[in-house]
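Input: a single structure, listed below in structure tokens.
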Amino acid sequence: MTTFFAKAWDEVLRPMIRRPNKLQVAALCYRKTEAGKEVLLVTSRGSGRWILPKGWPMDGKSGSEAAEIEAWEEAGVKPAKISKKPLGTFEYTKDRDEGLPIPCDTHVYPLKVANVSDVYPEAGERERRWLSPSDAANLVEDEGLKGLLRDF
């Protein structure tokens, strides 16, 4: 009987009351070196875990434009080129200091890096690290992002 109620909860009731996921945009910053392709990860301000520069959509900006702004603010990246179409999407839960966690769908835009500045808005709040896509996949926690990095 408990299996029936668990199944009813998972398949009927929870989907009816669950809020839709919020949308975020992220920049998959990359460069090509003699050793191969490298991607840039930054630490989150709260937990210090390794992530892509990302944030909320911005009024009047496309997803790729907002991702480009986030890459500058969080990582000091100046783009050579950014794709107008996302490479893919991953789902994660954004933890907040106040309130409930927020489920998010994150659209990831590949951004070829032209230059990286040491002076940028969040320079004192985050660490940056260039890694191979497979090494980056081993550092991030979100399973969907791991897959995107490994496929990149």
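In sequence order, region 114-130 has phi-based couplings of 8, 7, 10, 9, 8, 10, 7, x, 10, 4, x, 10, 9, 9, 10, 8, 8 Hz under the Karplus curve 6.51 cos²θ - 1.76 cosθ + 1.60, θ = phi - 60°, and Gly or Pro positions carry x. Checking every one of the GluC sites (Glu not before Pro) in region 101-134 against DSSP loop status and a limit of 13 other Cβ atoms within 10 Å picks out E125, E127. With each label modelled as a point 7 angstrom along the Cα→C-beta vector, the N21-S132 pair spans 2.9 nm.
Rounded to the nearest whole Hz, the Karplus-based 3J(HN,Hα) values (6.51 cos²θ - 1.76 cosθ + 1.60, θ = phi - 60°) of region 94-99 follow the sequence 7, 7, 10, 5, 10, x, with x at glycine and proline.
The long axis of helix 63-75 is offset from the longest Cα principal axis of the chain by roughly 70 degrees. Assuming charge only on the beta carbon of Lys and Arg (+1) and of Asp and Glu (-1), the dipole of the chain about its Cα centre is about 400 debye to the nearest 20. Taken along the Cα-to-beta-carbon direction at a fixed 7 Å, the label points for K112 and M58 span 2.3 nm. Within the chain, antiparallel bridges make up roughly 75 percent of the DSSP beta bridges whose residues both belong there. Remark: spin-label model distance R150-V119 equals 4.2 nm, labels positioned 7 Å along the Cα→Cβ axis.
If we count other beta carbons within 10 Å of each Cβ, what is the order of C29, C104, fewest first? Numbers along the way, then the final one.
Numbers: C29 29, C104 17.
With the sparsest Cβ surroundings first, the list reads C104, C29.
Once you've got the GNM for the chain with C-alpha springs shorter than 10 Å, pick whichever of A27, A80, A66 has the biggest mean-square fluctuation. Maximum among the listed residues: A80. Between E38, E68, E141, the GNM of the chain built on Cα springs shorter than 10 angstrom shows E141 fluctuating the most.
In what order do W50, W130 fall by count of nearby beta-carbon atoms within 10 Å, going from fewest to most? Write out the running numbers ahead of the final one.
Details: W50 20, W130 16.
Placing the least packed residue first, the sequence is W130, W50.
Between the entries (1) 8.7; (2) 11.1; (3) 9.3, the label attached to mean projected area of the Cα convex hull in nm² calculated for this structure is (2). Counting neighbouring beta carbons within 10 Å and listing from fewest to most, the residues D151, D97 come out as D97, D151.
Determine, from the Cβ-Cβ distance of D105 and K84 and an R0 of 25 Å, the FRET efficiency 1/(1 + (r/R0)^6), rounded to the nearest 0.05.
FRET efficiency, D105 to K84: 0.85.
With an 8 Å cut-off on Cα pairs and a minimum separation of 6 or more residues, tell me the relative contact order of region 14-75 in percent. List each step's numbers first, then the result.
Values: 76 pairs, mean separation 21.3, N = 62.
Relative contact order of region 14-75: 34 percent.
We did not get these values from a lab; they are worked out from the coordinates using the rules stated. Only a predicted model underlies this, so the values are computations on that prediction, with no experimental measurement involved. A quick note on method: Cβ atoms are made from the backbone with ideal geometry, for glycine too, and the neighbour counts reach across all protein chains shown.
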